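Have a look at the structure below before the remarks.
The values are calculated or read from the model by the stated rules, or taken from the named source; none is laboratory data. Keep in mind it's a predicted model, so treat the numbers as computed, not measured. With ideal geometry, Cβ positions are generated from the backbone for all residues, glycine too; neighbour counts draw on all protein chains shown. For the accessible areas, the whole protein counts, side chains as well, though only heavy atoms, and no ligand, DNA or RNA atoms are used. Shrake-Rupley method; radii C 1.70, N 1.55, O 1.52, S 1.80 Å.
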Amino acid sequence: MIDRSVPRRVLPAPEPRGAVTVPAALPVRPRTGRLLVLATVFVCAACGLVYELELLALGSYLIGDSVTQASVVLSVMVFAMGVGSLLAKRFRTAPAFGFAAIEAGLALLGGLSAMALYASFAWLGESRPALVAFSFAIGVLIGAEIPLLMVLIQRIRRQDAGGAVADLFAADYVGALVGGLAFPFLLLPLVGQLTGALLTGTVNAVVGGGLVLWLFRRDLSRRARWVLVATNVCVLAVLAAGTLLADDFERIARRAVYGGEVRVAVQTGVQELVLTGPPTGSPRSLDLYLDGRLRVSGYDEYRYHEALVHPAMTGPHARVLVLGGGDGLAAREVLRYPDVASVTVVELDPGVVRLARTDPMLSALNGGVYGDPRLGVVSEDAFHWLRGAAARDRFDVIVSDLPDPGITPSTKLYSQEFYGLAVRALRPGGRIAVHAGPLAVRPRSYWTVESTLRAAGLRTAPYSAGGRLSGFAAGPDRAPTGAGDSAPPQDWGFVLASREQVPPLYVNPDTPGLRSLSTASLRDAARDVERTRPAGLPPSTLPHPRY
């Protein structure tokens, strides 16, 4: 398989010295033999792209920052494919044996790559070295495929190099299309990342080994045939064992990451949802992880949600919009005000809402808000929904309860364009409250959010709130996000904004159920935050994200 991410012009090369040119003795007609080789190219290309996408998905999920992980995986694989093409010269005198050995190795490495990366993350707390190592090894093997297939197809029937290259590349690119579509729409939703990689490796081994052991069997010595048969049987046995044990492995690895009290683990079409904590007891023992990042900690989530919601509720608040917040905790704080007429929650993942409705502990934590007739839910991307809502709806308060801006998929939800849409959706005198990420850990990101709000025409009041000191998700890469941020005090950063004037930081002390927030604490925090303001940070836009 060749690289599909970097277009390049391919020039036919002259036949290398030492290449095998003797026509192969085939059990079928040459035309049928060529079709079988091209079908093998198609399948191997599909498998190779699945491995590549698997590494990209796992790198983004386990490490974060999908742009960086995609750049690392693609650049390492492209380089490694060049190395593999050069190394393929060593097999040109025995191309059939060499191709079968490469496919067996590729099936084993690609099939086990997802398990190995997850194990590295779960038990070592660091998956980046494993990601780079597997990207390089798989890239080397993929890069060695086409040169050997070129020799094999020329042995079936000689033709000009340009025609042979065109046929191989056509099969390779079409196979890549099928693999690229099969990964997100078939493998990932039906069997998941671990089993999907193992099944892909099985197909790779069967097709690659089967082509050589049947079509080119007369090119192999008796010893070579038995070596390939034994190798492929061992590879298939390992992959089969991995498939049978994948669920048990995932449970054990999940306990290593989240602890021994994993109650719910669900892979939705958007992300992995994990709830930990004892099945009975206080909701304060609950933790909710989204894609491995601690999103809600029952121990102190109220500090976060009170600080996010209540300063924005000073003033008219009949109609409230909550962006994100499918766990229902921000809506719980909004609905403490009896004069709220309606709350609209826009949550991308309906699985989060379903969990918040049905899980007894999470439902108890959010006060059963999804049973309140004033609450409505929209399952849609917040950016796309706001584009339509800005033309038809107006809100007194908008609460942006979204993951940190440092997480790449969230970057557009912290852009000047996004806040421009939010401004259009505000009623006169309306306020918008934004979770802007951990101030102490990423101050530049926090102040970029504030700068972006001002660039959208809003007047801002930055402030923060404290949290507990422990509870990071396992592993050094697991930067906390959202309500469950476990960080030093005053590490939950917020910005309150309005079009007309700088909104006052004020909390009504008579608000029912208020536990941790006061006007004095807000203003003290705002003074401390202001001391950290840097000068001249530009806003973040869609064409030029700055987080």
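Judged by the mean number of other Cβ atoms found within 10 Å, the most tightly packed of the peptides 458-465, 264-271, 302-309 leads the ranking 302-309, 458-465, 264-271. Between the residues Gly110, Asn232, Ala440, the greatest Cα displacement towards the positive end of the dipole of the chain, with unit charges on the Cβ of Lys, Arg, Asp and Glu, is found for Asn232.
Between the amide H of Arg427 and those of Phe395, Asp396, distances stay under 5 Å, these residues lying 5 or more places away or on another chain, with hydrogens modeled in the peptide plane. Charge dipole of segment 269-335 (Cα centre as origin; +1 on each Lys and Arg Cβ, -1 on each Asp and Glu Cβ, all else neutral): 160 debye, rounded to the nearest 20.
Protein heavy-atom accessible surface, 1.4 Å probe, per residue over the chain: 41 Å².
Can you give the % of DSSP beta bridges in the chain that are antiparallel, to the nearest 5?
60
Normalising the average separation of contacting C-alpha pairs (under 8 angstrom, six or more residues apart) by the number of residues puts the relative contact order of the chain at 14 percent. Counting Lys +1, Arg +1, Asp -1, Glu -1, what net charge surrounds Leu362 among other residues with beta carbon under 13 Å of its beta carbon? Once all neighbours under 13 Å are counted, the net charge is +2. For segment 282-297, backbone phi angles converted through the Karplus equation (6.51, -1.76, 1.60; θ = phi - 60°) give residue-by-residue couplings of 6, x, 5, 8, 7, 10, 10, 10, 10, 6, x, 9, 5, 9, 9, 10 Hz, Gly and Pro being listed as x. Considering only Ser379, Ala455, Ala425, and ranking their Cα positions along the charge dipole of segment 315-462 that arises from unit charges at the beta-carbon of Lys, Arg, Asp and Glu, the one farthest toward the positive end is Ala455. Which Cα, out of Leu308, Pro147, Ala465, lies furthest along the positive dipole direction of the chain (beta carbon charges, K/R +1, D/E -1)? So the residue we want is Pro147. The length gained by stretching the chain between Ala240 and His544 to full extension, at 0.36 nm per residue less their Cα-Cα distance, is 104.8 nm.
A Förster distance of 41 Å, applied to the separation of the beta-carbon atoms of Arg223 and Val266, puts the FRET efficiency at 0.20. Label-to-label distance for Arg255 and Leu35 is 5.3 nm, based on points extended 7 Å past Cα in the beta-carbon direction.
Computed over the alpha carbons of segment 78-137, Rg followed by Dmax gives 14.1, 44 Å.
In plain terms, the bigger the Kirkwood radius, the slower the diffusion; for segment 74-206, with that radius from Cα pairs, at 25 °C and 0.890 mPa s, Stokes-Einstein puts D at 153 µm²/s. Site pair Ala455 and Val206 shows an inter-label distance of 5.3 nm when each label is modelled 7 Å from Cα along Cα→Cβ. With both labels modelled 7 Å from their Cα along Cα-to-Cβ, the Thr358 to His384 distance reads 2.4 nm. As a fraction of the 1.4 Å probe accessible area of the chain, surface on carbon and sulfur atoms comes out at 61 percent.
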